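Every read-out reported here was derived from the displayed coordinates using simple, explicitly stated rules and does not represent laboratory data. Keep in mind that what you see is a predicted model, and the values were worked out from it rather than measured. All Cβ positions, glycine included, derive from the backbone under ideal geometry; neighbour counts span all protein chains shown.
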Amino acid sequence: MIAVMGAAGNVGSRVTGLLLGQGRPVRVLEHRRRLDALGARGAEVVTGDLADPGDLGVLLKDVEAALVLLPDVVTDPEFTATRSRMSRAIADALAGSGVRQVVALSTVAAGQAGATGPAAGLRELEQRLSGLQGTGVLVLRSPFYMENLLAGLPLIQAQGINGSAIDGDLELPMIATRDVAREAAQGLLHREPGGHRVRLLVGPEDVSLRAATQAIGRRLGRPELPYVQFPPDALRGALLGAGLSEEGAAAMVELQLALNRQRSFRAVRDAADVTTPTRLEEFLEAALR
Ligand SMILES: NC(=O)c1ccc[n+]([C@@H]2O[C@H](COP(=O)([O-])OP(=O)(O)OC[C@H]3O[C@@H](n4cnc5c(N)ncnc54)[C@H](OP(=O)(O)O)[C@@H]3O)[C@@H](O)[C@H]2O)c1
């Protein structure tokens, strides 16, 4: 049995689909969104919360391998404390579970000692997982998911602009979650014995948000669609207006400012273990069909 956390999300849903496609028994954790469609395809569905040790015990019972992630619950007033509690609960549950292989989703910035915002929580998760004895841990560190771009669609439709606090000219090694999922599924299926390994993934090209906005605009019949870099306070206000908690909004702003501070991702590309195939145009063709 393989357990999948976050099976309603971008990566987890695709990992589950790949495993079911290979005829593997899969158990998924349903949280808010229903997973009936995965159940109909043969997944065992259990309901629960990643911060609840009892729910984790049910999810991980008699499991050989598990996909582990730390969701960004941006509406949570205690965004940081909840993620810390979740990462401790996940590591503790794995320690007593007999799971032999873990594949954990993380981010490039989690490799940096001064990781801030959501990356700090993922750094903590990585550190906790590295303490597991007798369990192989494969950490997949990815850059900016292409799916993040879709969060800009309501703004584009409402105001005819795209924007964030990220420098529009900063080129990011964006990655499609279907490629992250393929790497994760392989890690769950083809286990290597023991140890803690980190694999750095990057997409096939570095793309700035200005260029990505133009590509989105062309597909939406708005070839002149502008990208606007918002001041951090303006972004924070918009996120609060959209229902994020103070801490959740602060974390998302910090994530974007940390990307700006990085200035160049050339070293990340040079250090990458895997370059994934899906280009932005290919992703947008499928996403904006
Ligand atoms: N976005 C990026 O650019 C990026 C880059 C590198 C790494 N990552 C990492 O990749 C991870 C996966 O990304 P994704 O895009 O697949 O995430 P996603 O689409 O936001 O999905 C999050 C999943 O977690 C579940 N979830 C949320 N809170 C939960 C809780 N308290 N208990 C149980 N399940 C809960 C959600 O279920 P419900 O919807 O039912 O609540 C959903 O299935 C992220 O969490 C992040 O740490 C992201």
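Quick check: the distance between the Cα centres of the stretch 44-101 and the stretch 125-160, to the nearest angstrom?
The stretch 44-101 and the stretch 125-160 have Cα centres spaced 16 Å from each other.
How much length is gained on full extension from ASP273 to GLN22, taking 0.36 nm per residue of separation minus their Cα-Cα distance?
87.8 nm
At a 10 Å Cβ-Cβ cut-off, how would you order VAL207, VAL4, VAL45, fewest neighbours first? Working shown, then result.
Numbers: VAL207 21, VAL4 31, VAL45 16.
Least crowded to most crowded, the residues run VAL45, VAL207, VAL4.
For the chain, set up a Gaussian network in which alpha carbons nearer than 10 Å are linked by springs, and say which option among PRO154, PRO277, PRO143 fluctuates the most.
With Cα springs under 10 Å in the chain, the top fluctuation among PRO154, PRO277, PRO143 is at PRO154.
Given Cα pairs under 8 Å that are at least 6 residues apart, what percent is the relative contact order of the stretch 35-115?
Values: 76 pairs, mean separation 28.5, N = 81.
Relative contact order for the stretch 35-115 comes out at 35 percent.
If I model the chain as equal point scatterers sitting on the Cα atoms and use the Debye formula, what is log10 I(q)/I(0) at q = 0.09, 0.11, 0.13, 0.16 Å⁻¹?
Per q value, in the given order, log10 I(q)/I(0) is -0.43, -0.65, -0.92, -1.38.
If you keep only loop residues by DSSP, which GluC sites (Glu not before Pro) in the stretch 178-231 have at most 14 other Cβ atoms within 10 Å of their Cβ?
Details: sites: GLU183, GLU205, GLU224; in loops: GLU205, GLU224.
Qualifying residues, ordered by number: GLU224.
Just in the stretch 1-81: which GluC sites (Glu not before Pro) are loop by DSSP and have at most 16 other Cβ atoms within 10 Å? Display every interim value, and only then the final one.
Values: sites: GLU30, GLU44, GLU64, GLU78; in loops: GLU64, GLU78.
Counting only loop positions with at most 16 other Cβ atoms within 10 Å, the GluC sites (Glu not before Pro) in the stretch 1-81 are GLU64, GLU78.
If you average the sequence gap of Cα pairs under 8 Å that are 6 or more apart and divide by the length of the chain, what percent do you get for the contact order? All intermediate terms of the calculation are to be shown ahead of the outcome.
On the way: 542 pairs, mean separation 54.5, N = 289.
For the chain, the relative contact order is 19 percent.
Over the stretch 54-198, what relative contact order in percent results from Cα pairs under 8 Å that are six or more residues apart? Mind showing how you got there, number by number?
Values: 192 pairs, mean separation 38.0, N = 145.
Computed over the stretch 54-198, the figure is 26 percent.
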